[in-house]
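S.K.: Dropping a structure here in structure tokens format, bear with me for questions.
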Amino acid sequence: MDGGLRMLSQLRKMGQSFPILAMSSNGNPENIARTLDGGADDFLVKPFAIEELEARVRALRRRCKHPTRPCITNGNLEFDTVDRTLYLDDTRIKLSPYELSVIEVLFKSLGRIVSVDYIAEEMNKVDERAKANASAIAVNVHRLRRKISREHATIETFRGVGYRLKKLA
């Protein structure tokens, strides 16, 4: 058993249920069957078109919406806590590292007010040389509001206190 199959087997034995898309230049049916039987959810033969890869990832995301998946959902928005990615209606929203830090904190505290100091600490983890402050946070919150728009979620401001991602029913 090669290294990839061994790792795949170990992940599944540990109870990891996240979707796995295996890729290999060895596209013979025996190899594909062994990989799928070993725990992969899909298999892609190299070389491949990027459009096919993207479509397969979207399909895996659709099929794998289950409670063990480490995602936080709020209305049409979904934050994947493992790959730290924000999706709006299954479309990835491109975020800067600072925007990502802010939205991650807000999602992990969904419905609760988060202090400006705590958000600043998380933003400073992105770049220790940076000194995030209330102004930097306000700029990134403004950018996030534009990207997700009010109809999908609301980031509320509590002056002098912090921010809250409003929980949608």
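The values are calculated or read from the model by the stated rules, or taken from the named source; none is laboratory data. The shown structure was predicted, so the numbers you read here are calculated from the model rather than taken from an experiment. Virtual Cβ from ideal backbone geometry, glycine too; neighbours counted across all protein chains shown.
S.K.: With respect to S115, determine if the residue is farther than 30 Å from A55 by Cα, polar (S, T, N, Q), in the same structural domain as L77 (by TED's automatic domain parsing) and within 18 Å of the chain's Cα centre (by Cα). Give the steps one after another, and end with the answer.
M.R.: Values: farther than 30 Å from A55 by Cα: yes; polar (S, T, N, Q): yes; in the same structural domain as L77 (by TED's automatic domain parsing): yes; within 18 Å of the chain's Cα centre (by Cα): no.
The answer is no for S115.
S.K.: Residue under question is V105, and the condition is that it be touching an Asp or Glu at 6+ places or on another chain (Cβ under 7 Å) and β-branched (V, I, T); does it hold?
M.R.: Values: touching an Asp or Glu at 6+ places or on another chain (Cβ under 7 Å): yes; β-branched (V, I, T): yes.
Considered against the rule, which asks whether it is touching an Asp or Glu at 6+ places or on another chain (Cβ under 7 Å) and β-branched (V, I, T), V105 comes out as yes.
S.K.: Tell me yes or no: at least one residue of the range 65-75 is surrounded by 11 or more Cβ atoms within 10 Å (Cβ to Cβ) and over 30 Å from N124 (Cα atoms).
M.R.: yes
S.K.: Ok, one more. Among the residues of the range 126-169, write down those that are among the β-branched types (V, I, T), within 21 Å of the chain's Cα centre (by Cα) and in a loop (DSSP other than H, G, I, E, B).
M.R.: T154
S.K.: Separate question: Identify all residues within the range 140-169 that are surrounded by 15 or more Cβ atoms within 10 Å (Cβ to Cβ), at pLDDT 80 or above and of a type in the set (A, V, I, L, M); write none if there are none.
M.R.: V141, L144, I148, I155, L165
S.K.: Could you grab me the full set of residues in the range 104-117 that are hydrophobic (A, V, I, L, M, F, W, C), assigned to a helix (DSSP H, G or I) and more than 13 Å from K167 (Cα to Cα)?
M.R.: Hits for the range 104-117 are V105, V116.
S.K.: Looking at F48, F18, can you tell me which residue is in contact (Cβ under 8 Å) with a residue 60 or more places away in the chain, of a type outside the set (S, T, Y) and surrounded by fewer than 16 Cβ atoms within 10 Å (Cβ to Cβ)? Walk me through it before giving the result.
M.R.: Details: F48 fails: in contact (Cβ under 8 Å) with a residue 60 or more places away in the chain.
It is F18.
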